[in-house]
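The values are calculated or read from the model by the stated rules, or taken from the named source; none is laboratory data. In this text the structure is predicted, and so the values were computed from the model without any measurement. Every residue, glycine as well, gets a Cβ built from its backbone with ideal geometry; the counts of neighbours run over all protein chains shown.
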Amino acid sequence: MNLWVTAMHNRWQQTVRLLVLENVLITLIVLFVLQRFSPITWSAGLIGCLVLALLVLAVVEGVVVWVQQTERQKTIDRMEAKLRQMSSQQFPPHILLPQADPLYSLAQAVNQLESYQKHQTRRAELQEKELMMIMRYLPVGVMVIDHRRQVQLSNPAMSELLQGSINTVAHIYTKDIQLYALTKLIEDTIATQSNQRATVTLTPAPNTQVVEASTVYIQGNRAHYQIVLMLYDITEVYMIEQMQDDFVSNASHELKTPITAIAGFTETLLGGAKDDPETLDQFLHIIADESQRLIDLIQDVLSLSRIRAQNTTKLALKTVVVRDLIDQELAVVQQAVERQQLTVDNQVEASLTVTSDPQKLSQVIKNLLTNAIKYNRANGKVTLTSTISEQHWSLIVTDTGIGISADDQQRIFERFYRASPSRSQQLVSGTGLGLAIVKELVGALHGNITVTSQRGVGTTMTVTFPLAESKLA
């Protein structure tokens with residue numbers, strides 16, 4: 001305020017001097033002209049009147065000029081205040097002046113600058129909101145780390161992958177990232193000033209979680225840079241690749257064993273063993289058994305392919321008495337039951353009637369019974385029970401067999417996978433596809449299957465299906 005008063009005082013003094021000088025010059029010129037054409041008689045009164053007139057004229061002009069300069073200064077002050085407000089992201093109303101005003105063009109330029117800045121600010125705010133919205137719903141984990149190794153930005157996907165909340169206040173990134181592989185990736189990016197990429201296992205088995213980690217190095221200036229860390233969850237792809245590798249390995253193993261046996265015994269027979277009737281008969285039985293094993297393997301693979309290829313909406317739904325289906329399958333496996341001296345207790349109620357596809361349900365029961373018998377102990381027991389609720393019914397098959405370890409329970413429904421004891425020691429023969437077929441069939445019937453097992457105690461398989469027909473259609 002004091003500066004404004006001082007400036008106004010200085011300007012007013014300059015203006016008064018100029019006006020006085022201007023009026024004196026004009027008066028002298030007028031007197032010179034009059035003196036030339038009509039001599040003037042000078043007197044003290046005339047001089048006093050001239051001086052008084054000059055003073056009055058100077059005062060009037062001074063007042064007019066003072067008012068104009070005051071108004072102009074107010075306009076300039078408004079522009080100055082407006083520019084200060086614009087610098088702090090505030091946008092006051094436009095300054096409106098008549099076109100005749102000397103500051104009109106300047107006021108228009110300030111108004112246009114304000115409109116442009118307002119537009120740019122709104123555009124930046126909109127882009128920031130869009131970026132935050134994208135970051136929020138982006139399935140890729142994103143974290144921005146500055147040159148001080150502090151986290152400046154992260155999204156919910158990153159918190160989910162790192163299994164912990166990330167503070168929005170800037171903090172050192174090692175508070176969130178403690179896995180050596182990720183910290184090494186970030187430090188390598190800083191050291192080499194180049195982008196990096198690696199496949200990192202965040203969580204080991206059995207709850208495996210694998211991500212593809214990428215870093216982008218962004219150089220601001222010599223001392224400032226940013227690193228964008230991105231984590232893309234590839235667990236599903238990784239597991240599929242592992243299953244494919246296991247499938248090829250297991251399929252090769254299962255095919256190689258019978259083929260090698262058939263080729264070996266055939267070569268032995270051709271080498272002269274066929275001349276011994278007893279040896280010939282023994283070898284032919286072995287070849288027949290291995291051939292049947294090959295046939296069973298191929299049939300199981302084809303069954304899986306057919307199940308996956310079929311449209312589940314083409315289920316042949318009928319009213320099925322569950323106990324009758326179980327009795328039919330028990331009759332087929334009766335020899336195996338007697339051979340192992342097992343006790344089979346069918347506790348499924350005779351009144352349990354459901355709507356299902358009898359062929360697919362029979363295959364499910366057959367495979368569950370076969371496994372319960374095959375992996376049981378001599379003089380063991382197989383128990384079949386059922387439960388029913390308002391919307392679902394379940395079939396439970398329990399055996400007193402060798403059981404399944406916790407690690408193996410995670411993978412028994414994979415194709416060709418067999419629990420390590422039965423595979424390495426060959427305690428039980430089989431293709432390793434039975435439970436994979438069961439899972440596909442249960443899925444086709446819109447049900448689910450669970451397993452509960454303990455090594456050396458036994459296994460319980462539970463399949464649950466929707467009760468109402470509409471749930472299957």
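For the structure I just gave you, tell me whether Y225 is touching a His at 6+ places or on another chain (Cβ under 9 Å), in contact (Cβ under 8 Å) with a residue 12 or more places away in the chain and surrounded by 12 or more Cβ atoms within 10 Å (Cβ to Cβ).
Judged against the criteria, Y225 is a match.
Among the numbered conditions (1) buried (at least 16 other Cβ atoms within 10 Å of the Cβ); (2) farther than 30 Å from A406 by Cβ, tell me where E212 comes up short.
Going through the list (1) buried (at least 16 other Cβ atoms within 10 Å of the Cβ); (2) farther than 30 Å from A406 by Cβ, E212 breaks only (2).
Of all residues in region 152-194, which are charged (D, E, K, R) and part of a helix (DSSP H, G or I)?
Selection gives E160, K175, K184, E187, D188.
When the residues of region 166-187 are narrowed to those that are of a type in the set (S, T, Y) and at pLDDT 90 or above, which ends up nearest to P204 (Cα to Cα)?
Y180
Please go through region 137-183 and pick out each residue that is acidic (D, E) and either touching a helix residue (DSSP H, G or I) at 6+ places or on another chain (Cβ under 9 Å) or over 22 Å from Q219 (Cβ atoms) (or both). I'd like the intermediate steps shown before the answer.
First, pick out the residues of region 137-183 that are acidic (D, E): 146, 160, 176.
Correct list: E160, D176.
For region 327-362, what are the residues that are in contact (Cβ under 8 Å) with a residue 60 or more places away in the chain and of a type outside the set (D, E)?
V354, T355, S356, K360, L361
Would you mind stating whether L55 is surrounded by 11 or more Cβ atoms within 10 Å (Cβ to Cβ) and over 51 Å from the mean Cα position of the chain (by Cα)?
In short, yes.
Within region 82-106, can you find the residues that are of a type in the set (A, V, I, L, M, F, W, C), surrounded by 13 or more Cβ atoms within 10 Å (Cβ to Cβ) and closer than 17 Å to T121 by Cα?
If the condition is that a residue be of a type in the set (A, V, I, L, M, F, W, C), surrounded by 13 or more Cβ atoms within 10 Å (Cβ to Cβ) and closer than 17 Å to T121 by Cα, then M86, F91 are the ones that fit.
For region 317-417, give me every one of the helices (runs of 4 or more DSSP H) that falls completely inside it and has 2 or more residues that are basic (K, R), surrounded by 15 or more Cβ atoms within 10 Å (Cβ to Cβ) and in the same structural domain as V451 (by TED's automatic domain parsing).
Per the criteria, 358-374.
Conditions (1) in contact (Cβ under 8 Å) with a residue 40 or more places away in the chain; (2) touching a strand residue (DSSP E or B) at 6+ places or on another chain (Cβ under 6 Å); (3) of a type outside the set (D, E, K, R); (4) not assigned by TED's automatic domain parsing to the domain that holds H224, marked per residue:
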site	(1), (2), (3), (4)
I145	yes, yes, yes, no
R148	no, no, no, no
S154	no, yes, yes, no
S159	no, no, yes, no
L162	yes, no, yes, no
T168	no, no, yes, no
T174	no, no, yes, no
L179	no, no, yes, no
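Please state which of the following conditions S394 fails to meet, knowing it meets all the rest: (1) farther than 25 Å from Q340 by Cβ; (2) out of contact with any helix residue (DSSP H, G or I) (no Cβ under 7 Å at 6 or more places or on another chain); (3) modelled with pLDDT under 75.
The failed condition is (3).
I'd like to know if region 365-377 contains one or more residues that are among the aromatic types (F, W, Y) and at pLDDT 90 or above. Full working, then the answer.
Going through region 365-377, the residues among the aromatic types (F, W, Y) turn out to be 375.
Narrowing further to those that are at pLDDT 90 or above: none.
Checking region 365-377: not a single residue is among the aromatic types (F, W, Y) and at pLDDT 90 or above.
Suppose we filter R123, R148, R197, R136 for residues that are within 30 Å of Q89 (Cβ to Cβ), of a type in the set (D, E, K, R) and not in a helix (DSSP H, G or I); which single one remains? Let's see the steps before the verdict.
Working: R123 fails: not in a helix (DSSP H, G or I); R197 fails: within 30 Å of Q89 (Cβ to Cβ); R136 fails: not in a helix (DSSP H, G or I).
Every option except R148 fails the conditions.
For residues that are closer than 19 Å to A109 by Cβ and out of contact with any Pro (no Cβ under 9 Å at 6 or more places or on another chain), scanning just region 58-77, find the one that is surrounded by the most Cβ atoms within 10 Å (Cβ to Cβ).
Selected residue: T75.
Can you pull out the residues in region 281-324 that are over 20 Å from S356 (Cβ atoms), hydroxyl-bearing (S, T, Y) and at pLDDT 75 or above?
S291
Taking P139 as the residue in question, decide whether it is touching a Lys or Arg at 6+ places or on another chain (Cβ under 7 Å) and closer than 25 Å to T208 by Cβ.
When the stated conditions are applied, P139 does not pass them.
With (1) modelled with pLDDT under 85; (2) closer than 27 Å to E187 by Cα as the list, and N155 as the residue in question, which single condition is left unmet?
(1)
Is there a residue being of a type in the set (V, I, T), at pLDDT 80 or above and farther than 24 Å from K318 by Cβ anywhere in region 435-446?
no
Can you find a residue in region 216-235 that is part of a helix (DSSP H, G or I), among the basic types (K, R) and outside the structural domain of E290 (by TED's automatic domain parsing)? Steps first, please.
The initial filter retains those residues of region 216-235 that are part of a helix (DSSP H, G or I), namely 235.
Of the ones still in play, those that are also among the basic types (K, R) are none.
No.
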